[in-house]
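See below for the structure under consideration.
Here, each number is a calculation from the coordinates, and none is a lab measurement. As the structure is a computational prediction, the values presented were derived from the model and not from experiment. Here the Cβ is made from the backbone with ideal geometry for all residues, glycine too, and neighbour counts use every protein chain on show.
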Amino acid sequence: MTFFSALLAAEAAKAAPHAAPAAAHGAAESHGPVADIMNLFGSFGVDLPHLLVQLVNFSILAFILYRFAVKPALGQMEERNRLIEKGLADAQAATRRLAEAQQASDAKLNAASDEAAKILAEARNSAKAAVEAAKAEAQAAQTEVIAKAKAAIEADRVKMLAEVRGEVSRLVVETASKVLAENLDDATRGRLNEAAVKQLAR
Amino acid sequence: MSAASVRAEAKRLLALSLEGGAVSSDRVGAVLAALAKSRPAHTLRPLLRAYLANVRRELTRGEARIEHAGPLSTADADAIAAHFTKALGRPVRPVARRNDALLGGFRVRVGDDVTDLSASLRLATLAKSLS
């Protein structure tokens, strides 16, 4: 009550300089702890009303600044901090996913490498088996061809021998027949007939 | 008259023509005379053909057709015929014909049976065994 009354008095003194000394004097002349404090500040050069006004102005300014500058700035900072934290979290998540993807990629690469090695080994084994089979088949075919050729040669040889033998036999018989036909006389043939009759009778 | 009945009739006429298991010329004459009297001439042709074939076949069955190289005595021919008469159980008479291509020995045919004791057959057998 006294503080505000003193403040009002100080304002009134600014408005009416002539009346102020009297009022200030009246107020200065008043007693109490407030007056003592004011006197003490006054002795240090502190003008209490002016200080109060400045405090009010400062408070208003501070309020305005806080309301329209600091608070939005703080909000923006908080939003930015949140975005930064989110970005960091996202970056960490991305790093983690990247690491996981890298691990998965490495695993797939290793698996693919193993699979490729396995396929290559199987292909080599298959090629080797195919080559071996082809060799065996060629060997068998060669053996078969040789056997057939030998058989054909043997058959030709046997056939030729048979033909030669038959031809020789035919020539021998033909020659013998001619010789017999030329050299057998009736007496000899008659004896042959008698011998045949005896053979028939047996 | 069907072919089967003609064959049966010819067979019956052949049976009438046999005397002692051999074809008799007298009986054949009698059969032909009877046929000429009993049937028209234009119906006898197939029957007479079948009868002729039967008679020929029967005569062939009763002959020993001997092909021989060189001389063959009558005694030897008779001996050959006697052999086949005994073997076949019917009279067989010899019919000899010289064939020097046989070289030596003889070949006998009685009906469908052939007995070859010729040198040419032996040479042919030898040639076959050598080839």
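Points worth noting:
- For a label point 7 Å along the Cα-to-beta-carbon line of B:L16, residues of segment B:41-69 with backbone N under 20 Å: B:41-59
- Packing-based exposure ordering (other Cβ within 10 Å, fewest first) of A:F68, B:F106: A:F68, B:F106
- Take every DSSP beta bridge whose two residues both sit in the protein assembly as shown; close to 60 percent of them are antiparallel.
- 5 angstrom amide H check on B:V92, placed H, neighbours 5+ away: B:T85
- Unit charges on C-beta of K, R, D, E only; dipole of segment B:50-131, Debye: 160
- Shape category assigned to segment A:84-202 from the gyration tensor of Cα positions, a/c cut at 1.5: prolate
- Distance between the 7 Å Cα→Cβ label points at A:D106 and A:H50: 7.5 nm.
- Karplus-derived 3J(HN,Hα) values for segment A:69-74, using 6.51 cos²θ - 1.76 cosθ + 1.60 with θ = phi - 60°, are 10, 5, 4, x, 5, 4 Hz; glycine and proline are entered as x.
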